[in-house]
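Below you'll find the structure, written out as structure tokens, and then a few comments.
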Amino acid sequence: MAQTRAFSVLYLATVALAALWAGRAELLAELDRLPEVCRQLLKDTAGLAHDLGGDATIDRFYFLGSGPRYGLACELSLKMKEMSISHSEPFHFMEFRHGPRAMAGPGALLVGLVSAANQAHELAVLEDIRGQGARVLAIGEHATDVTFGAGLSATASDLLYLPIGQLLGFERALHNGCNPDQPENLAAVVVLPEA
């Protein structure tokens with residue numbers, strides 16, 4: 001019931017439809033490369049996700065993203081909550097630098113969805129927080145802890161932030177003794193009582 005495929009497929013479909021409507025054949029060609037790149041990304045990050053997900057010293061997760069990656073940060077935070085019943089919150093990079101940073105010390109893992117356009121500023125935020133004792137996982141196209149290295153446009157590569165975050169939630173669920181396929185306190189459909 002913690003749907004990772006639904007969001008990913010809907011996101012991909014939205015980008016593909018926009019590319020079709022805009023006549024962006026080059027973007028459609030980039031989207032065709034995603035399965036291959038994603039398979040390699042999952043293979044390369046499986047051990048890291050397992051280690052971080054199983055790290056008992058981590059007791060809270062923060063997903064940071066800006067622009068379209070903020071929506072992805074929200075989705076990954078939700079999946080962490082649903083699958084593993086863990087404390088997780090999403091923030092914009094610069095928003096986190098102010099009040100929320102007080103929560104980021106030992107025990108916190110910040111997952112930064114780093115954009116190529118704002119990489120210097122976003123990595124600076126992560127380094128500030130790392131200095132407070134929090135763990136940091138930077139994900140992006142290059143010069144990050146997890147790198148795509150796919151050479152795709154930001155529009156096409158934004159989907160690549162999802163697999164590692166979803167895998168991290170899955171591994172944390174297993175660590176917490178949760179069944180990620182049957183999350184606690186969730187139903188497939190929300191039914192509201194008739195008034």
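Here are the numbers:
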| quantity | calculated |
| --- | --- |
| Yes/no for K81 being part of a helix (DSSP H, G or I) and touching a helix residue (DSSP H, G or I) at 6+ places or on another chain (Cβ under 9 Å) | yes |
| Matching residues in segment 149-170 - criterion: being buried (at least 22 other Cβ atoms within 10 Å of the Cβ) and more than 13 Å from the chain's Cα centre (by Cα) | A156 |
| Check on S84, farther than 15 Å from D59 by Cβ and either buried (at least 20 other Cβ atoms within 10 Å of the Cβ) or over 19 Å from the mean Cα position of the chain (by Cα) (or both) | no |
| Scope segment 50-81; condition surrounded by fewer than 17 Cβ atoms within 10 Å (Cβ to Cβ) and polar (S, T, N, Q); matching residues | T57 |
| Enumeration of residues in segment 9-33 that are under 21 Å from F148 (Cβ atoms), small (G, A, S) and without any contact (Cβ under 8 Å) to a residue 12 or more places away in the chain | A13, A18, A29 |
| Looking only at segment 91-136, and only at residues there that are polar (S, T, N, Q) and part of a loop (DSSP other than H, G, I, E, B), the one that is surrounded by the most Cβ atoms within 10 Å (Cβ to Cβ) | S115 |
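All of the numbers you see were taken from the coordinates with simple rules; none came from a lab. Keep in mind the model is a prediction, meaning the values are calculated, not measured. Backbone-built Cβ (ideal geometry, glycine too); neighbour counts: all protein chains shown.
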